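Written below as C-alpha cells is the structure these notes are about.
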Amino acid sequence: MRLVSTSDFVAKVYEFNKRAVSAWNAGDLETFISGYAHNATYLTKASGLVEGRDDILAAYQTEFPDRSKMGTIQVAVRRFNFPPYTYNGEVGMAVAIVQWATTQTDGTRDEGFSTVTFELGMDGEVRVVQDTSV
C-alpha cells in the first residue's frame with residue numbers, strides 16, 4: 001500500500017467518485033464496479049454480505065437488471081475518517097461516509113448512506129475494499 005498526504009487521498013477519492021458516477025449514469029455497472037478491490041466486501045439489506053468483486057457485480061446486476069432500474073445517481077462525501085496513525089503525515093486508507101440518491105426513469109427516488117473504506121493501491125489508485133449501504 002502506498003501513502004500520500006490526507007489532502008491528496010481526498011482528491012483521489014473525489015476523482016474516483018466522479019468516474020463511478022459517470023459509469024453509473026451511463027448504465028455501465030462493470031466500469032462502476034471496476035474500482036472495487038478483487039477481495040472487496042459489500043453489505044446491504046437487499047444483498048446481504050457479498051465477497052469479491054465478481055460477486056459484487058452480480059449482486060448489482062440482480063438488483064439493477066436494466067437501465068431503467070439504475071436511473072441516475074448523485075453522491076456526496078459527508079465525512080472522511082482517517083486512521084489515528086500516520087507515517088510522516090501520510091495515509092493509505094480512509095473510511096468515507098457517502099450520501100447517495102438515485103432517480104429511476106419513472107421518477108422513483110431512493111436515497112441513503114454508505115460507509116465506504118478506500119485503500120490506496122501500489123498503482124496510486126484508490127479502490128473500495130468495503131462498502132456498507134443502507
Residue selected from the stretch 3-54 under the condition in contact (Cβ under 8 Å) with a residue 60 or more places away in the chain, surrounded by 13 or more Cβ atoms within 10 Å (Cβ to Cβ) and assigned to a loop (DSSP other than H, G, I, E, B), by the criterion farthest from the chain's Cα centre (by Cα): L3
G89 fails exactly one of (1) within 23 Å of A40 (Cα to Cα); (2) touching a residue at least 12 places away in the same chain (Cβ under 8 Å); (3) of a type outside the set (A, V, I, L, M), namely (1)
Looking at the stretch 81-92, can you tell me whether even one residue there is within 18 Å of Y14 (Cα to Cα), assigned to a strand (DSSP E or B) and at pLDDT 95 or above? no
So if I check each of A94, A76, which one is surrounded by fewer than 12 Cβ atoms within 10 Å (Cβ to Cβ) and either over 21 Å from W24 (Cα atoms) or under 12 Å from the mean Cα position of the chain (by Cα) (or both)? A76
Which ones in the stretch 55-65 are more than 14 Å from the chain's Cα centre (by Cα) and under 15 Å from T31 (Cα atoms)? D55, A58, A59, Q61, F64
Suppose we keep only residues that are outside any strand (DSSP E or B) and either in contact with a Gly (Cβ under 6 Å, 6 or more places away or on another chain) or touching a residue at least 40 places away in the same chain (Cβ under 8 Å) (or both) within the stretch 108-122. Which one would you say is surrounded by the fewest Cβ atoms within 10 Å (Cβ to Cβ)? M122
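The values are calculated or read from the model by the stated rules, or taken from the named source; none is laboratory data. Keep in mind the model is a prediction, meaning the values are calculated, not measured. Positions of Cβ are backbone-derived with ideal geometry, glycine not excepted, and every protein chain shown enters the neighbour counts.
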